[in-house]
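The values are calculated or read from the model by the stated rules, or taken from the named source; none is laboratory data. Quantities reported herein were computed from a predicted structural model and do not represent experimental measurements. Cβ atoms come from the backbone with ideal geometry, glycine included; neighbour counts cover every protein chain shown.
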Amino acid sequence: MPAKPRSRPALPQGAKRSAVQAEGACACGAVRFEIDVPAVWAWHDHGPASRHAQGCAYATYVGSWKSRFRMLAGEDHVTRYEDKEAGTARSFCARCGTPLFYERARSPKIVNIPRALFATRTGREPRYHLNITQQADWAYLGEALMPLKGYPGVMIERPRKKARAAAFDL
Ligand SMILES: [Zn+2]
(Lines give C-alpha, C1' and ligand atoms only; values in the text may rest on other atoms or scores of the structure.)
Protein backbone atom coordinates (compact mmCIF):
# COMPACT_ATOMS: atom_id res chain seq x y z
CA MET A 1 0.00 0.00 0.00
CA PRO A 2 1.49 3.37 -0.92
CA ALA A 3 2.27 5.69 1.95
CA LYS A 4 -0.38 8.29 2.49
CA PRO A 5 1.01 11.71 1.58
CA ARG A 6 1.22 13.99 4.56
CA SER A 7 -0.94 17.03 4.17
CA ARG A 8 0.88 20.28 4.77
CA PRO A 9 -0.85 23.27 6.30
CA ALA A 10 -0.95 26.39 4.16
CA LEU A 11 1.64 29.02 4.99
CA PRO A 12 0.70 32.63 5.60
CA GLN A 13 1.35 34.77 2.56
CA GLY A 14 5.01 35.72 2.27
CA ALA A 15 6.14 33.13 4.84
CA LYS A 16 8.95 30.76 3.89
CA ARG A 17 9.37 27.18 4.95
CA SER A 18 12.92 25.96 5.54
CA ALA A 19 14.19 22.84 3.79
CA VAL A 20 14.00 20.71 6.92
CA GLN A 21 11.31 20.31 9.56
CA ALA A 22 11.25 18.50 12.89
CA GLU A 23 7.92 16.98 13.83
CA GLY A 24 6.71 16.59 17.40
CA ALA A 25 3.74 14.88 19.01
CA CYS A 26 2.13 14.28 22.40
CA ALA A 27 2.16 10.82 24.02
CA CYS A 28 -1.23 9.77 22.59
CA GLY A 29 -0.41 11.15 19.15
CA ALA A 30 -3.56 13.28 18.84
CA VAL A 31 -1.56 16.52 18.78
CA ARG A 32 1.09 16.87 16.09
CA PHE A 33 3.11 19.91 15.07
CA GLU A 34 6.32 20.87 13.31
CA ILE A 35 9.02 23.50 13.47
CA ASP A 36 11.49 24.62 10.85
CA VAL A 37 15.00 23.38 11.56
CA PRO A 38 17.27 24.67 12.98
CA ALA A 39 15.36 25.89 16.02
CA VAL A 40 16.39 29.17 17.66
CA TRP A 41 17.98 27.50 20.68
CA ALA A 42 17.57 24.68 23.18
CA TRP A 43 17.83 25.03 26.95
CA HIS A 44 17.40 23.33 30.30
CA ASP A 45 15.10 25.02 32.80
CA HIS A 46 15.96 24.11 36.41
CA GLY A 47 13.35 26.46 37.90
CA PRO A 48 10.54 25.25 40.14
CA ALA A 49 7.72 26.35 37.79
CA SER A 50 8.77 24.09 34.91
CA ARG A 51 9.76 21.34 37.33
CA HIS A 52 6.28 21.36 38.83
CA ALA A 53 4.35 21.77 35.56
CA GLN A 54 6.21 18.95 33.85
CA GLY A 55 6.68 16.66 36.85
CA CYS A 56 10.42 16.27 36.28
CA ALA A 57 13.78 17.25 37.82
CA TYR A 58 14.28 19.84 35.10
CA ALA A 59 12.68 20.58 31.75
CA THR A 60 14.54 20.70 28.46
CA TYR A 61 12.99 22.97 25.84
CA VAL A 62 13.55 23.74 22.20
CA GLY A 63 12.73 27.36 21.41
CA SER A 64 11.28 28.12 17.98
CA TRP A 65 10.11 31.33 16.36
CA LYS A 66 6.31 31.18 16.37
CA SER A 67 6.47 32.07 12.66
CA ARG A 68 8.42 28.84 12.09
CA PHE A 69 5.99 26.66 14.08
CA ARG A 70 2.88 24.97 12.64
CA MET A 71 0.15 22.77 14.05
CA LEU A 72 -0.38 19.62 11.97
CA ALA A 73 -3.21 17.93 13.90
CA GLY A 74 -5.20 17.90 17.11
CA GLU A 75 -5.55 21.60 17.83
CA ASP A 76 -8.91 20.87 19.49
CA HIS A 77 -7.13 18.74 22.11
CA VAL A 78 -4.81 21.54 23.21
CA THR A 79 -5.70 23.14 26.53
CA ARG A 80 -3.96 26.28 27.70
CA TYR A 81 -3.20 27.48 31.23
CA GLU A 82 -2.19 31.10 31.64
CA ASP A 83 -0.37 32.31 34.74
CA LYS A 84 -0.95 36.05 34.51
CA GLU A 85 1.24 36.84 37.50
CA ALA A 86 4.22 34.98 36.05
CA GLY A 87 3.48 36.13 32.51
CA THR A 88 3.53 32.58 31.17
CA ALA A 89 1.19 30.25 29.30
CA ARG A 90 1.50 26.47 29.28
CA SER A 91 -0.42 24.23 26.91
CA PHE A 92 -0.95 20.52 27.19
CA CYS A 93 -2.87 17.71 25.51
CA ALA A 94 -6.21 17.39 27.27
CA ARG A 95 -6.44 13.77 26.12
CA CYS A 96 -3.14 12.37 27.46
CA GLY A 97 -1.74 15.19 29.63
CA THR A 98 1.54 15.70 27.77
CA PRO A 99 2.99 19.21 28.32
CA LEU A 100 3.24 20.83 24.88
CA PHE A 101 4.02 24.53 24.63
CA TYR A 102 5.51 27.04 27.05
CA GLU A 103 5.17 30.72 26.16
CA ARG A 104 6.68 33.61 28.10
CA ALA A 105 5.55 37.23 27.89
CA ARG A 106 9.20 38.36 27.93
CA SER A 107 9.78 36.49 24.62
CA PRO A 108 6.47 36.93 22.77
CA LYS A 109 7.76 35.67 19.40
CA ILE A 110 9.15 32.39 20.76
CA VAL A 111 7.36 29.17 21.61
CA ASN A 112 9.24 26.66 23.81
CA ILE A 113 8.52 22.99 23.24
CA PRO A 114 9.75 20.06 25.37
CA ARG A 115 12.69 18.48 23.55
CA ALA A 116 11.33 15.03 24.41
CA LEU A 117 8.36 15.52 22.07
CA PHE A 118 10.60 15.46 19.00
CA ALA A 119 11.74 12.10 17.64
CA THR A 120 14.23 13.71 15.28
CA ARG A 121 16.95 16.34 15.62
CA THR A 122 16.00 19.97 15.97
CA GLY A 123 19.28 21.51 14.85
CA ARG A 124 20.21 22.77 18.32
CA GLU A 125 21.89 21.04 21.23
CA PRO A 126 20.56 22.02 24.68
CA ARG A 127 23.64 23.86 25.95
CA TYR A 128 22.02 26.59 28.02
CA HIS A 129 20.93 26.28 31.66
CA LEU A 130 18.41 28.67 33.18
CA ASN A 131 17.58 28.99 36.88
CA ILE A 132 20.47 26.68 37.77
CA THR A 133 20.61 28.04 41.33
CA GLN A 134 17.08 26.71 41.83
CA GLN A 135 18.00 23.18 40.80
CA ALA A 136 16.23 20.41 42.74
CA ASP A 137 18.52 18.89 45.38
CA TRP A 138 17.21 15.46 44.38
CA ALA A 139 18.10 15.79 40.68
CA TYR A 140 20.30 13.02 39.28
CA LEU A 141 23.61 14.59 38.29
CA GLY A 142 25.35 11.61 36.79
CA GLU A 143 26.64 10.01 40.02
CA ALA A 144 28.25 6.58 39.62
CA LEU A 145 25.74 3.71 39.55
CA MET A 146 25.90 0.01 40.24
CA PRO A 147 23.36 -2.80 39.72
CA LEU A 148 21.04 -3.47 42.65
CA LYS A 149 21.45 -7.12 43.60
CA GLY A 150 18.30 -9.18 43.04
CA TYR A 151 16.49 -6.48 41.00
CA PRO A 152 17.39 -6.80 37.31
CA GLY A 153 17.27 -3.44 35.54
CA VAL A 154 17.50 -1.40 38.76
CA MET A 155 20.63 0.64 39.36
CA ILE A 156 21.55 2.29 42.64
CA GLU A 157 23.91 5.16 43.38
CA ARG A 158 27.14 4.11 45.02
CA PRO A 159 27.39 5.01 48.70
CA ARG A 160 28.90 8.47 49.18
CA LYS A 161 32.57 8.71 50.03
CA LYS A 162 33.40 8.52 53.71
CA ALA A 163 35.24 11.85 53.62
CA ARG A 164 32.08 13.65 52.50
CA ALA A 165 29.86 11.83 55.00
CA ALA A 166 32.30 12.68 57.77
CA ALA A 167 31.94 16.39 57.02
CA PHE A 168 28.33 16.19 58.19
CA ASP A 169 29.22 14.20 61.29
CA LEU A 170 31.16 16.76 63.27
ZN1 LIG B 1 -2.21 13.54 23.59
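Some notes on this structure:
- All positions within the stretch 93-113 that are more than 16 Å from the ligand (Cβ to nearest atom) and either under 13 Å from V31 (Cα atoms) or not hydrophobic (A, V, I, L, M, F, W, C) (or both): Y102, E103, R104, R106, S107, P108, K109, N112
- Residues satisfying the stated conditions in the stretch 136-157, i.e. surrounded by 10 or more Cβ atoms within 10 Å (Cβ to Cβ) and either in contact with a Ser or Thr (Cβ under 7 Å, 6 or more places away or on another chain) or over 23 Å from S50 (Cα atoms) (or both): L145, M146, P147, L148, V154, M155, I156, E157
- Any chance V62 is away from the ligand (no atom under 16 Å from the Cβ) and buried (at least 19 other Cβ atoms within 10 Å of the Cβ): yes
- Test: residue in the stretch 77-84 that is under 14 Å from the mean Cα position of the chain (by Cα) and of a type in the set (F, W, Y): no
- The set of residues in the stretch 95-119 being surrounded by fewer than 17 Cβ atoms within 10 Å (Cβ to Cβ) and among the aliphatic types (A, V, I, L, M) consists of A105, A116, A119.
- Residues in the stretch 17-39 that are away from the ligand (no atom under 14 Å from the Cβ), part of a loop (DSSP other than H, G, I, E, B) and at pLDDT 95 or above: P38, A39.
- Matching residues in the stretch 114-128 - criterion: being in contact with a helix residue (DSSP H, G or I) (Cβ under 8 Å, 6 or more places away or on another chain) and farther than 16 Å from G29 by Cα: T122, P126
- Evaluation of G87 against (1) without any contact (Cβ under 8 Å) to a residue 40 or more places away in the chain; (2) at negative phi; (3) not basic (K, R) (one fails), failing number: (2)
- Residue list for the stretch 59-76, filter: farther than 22 Å from V20 by Cβ and within 17 Å of the chain's Cα centre (by Cα): A59
- When F92 is tested against (1) touching a strand residue (DSSP E or B) at 6+ places or on another chain (Cβ under 9 Å); (2) more than 19 Å from V62 (Cα to Cα); (3) modelled with pLDDT of 95 or more, just one condition goes unmet, and that condition is (2).
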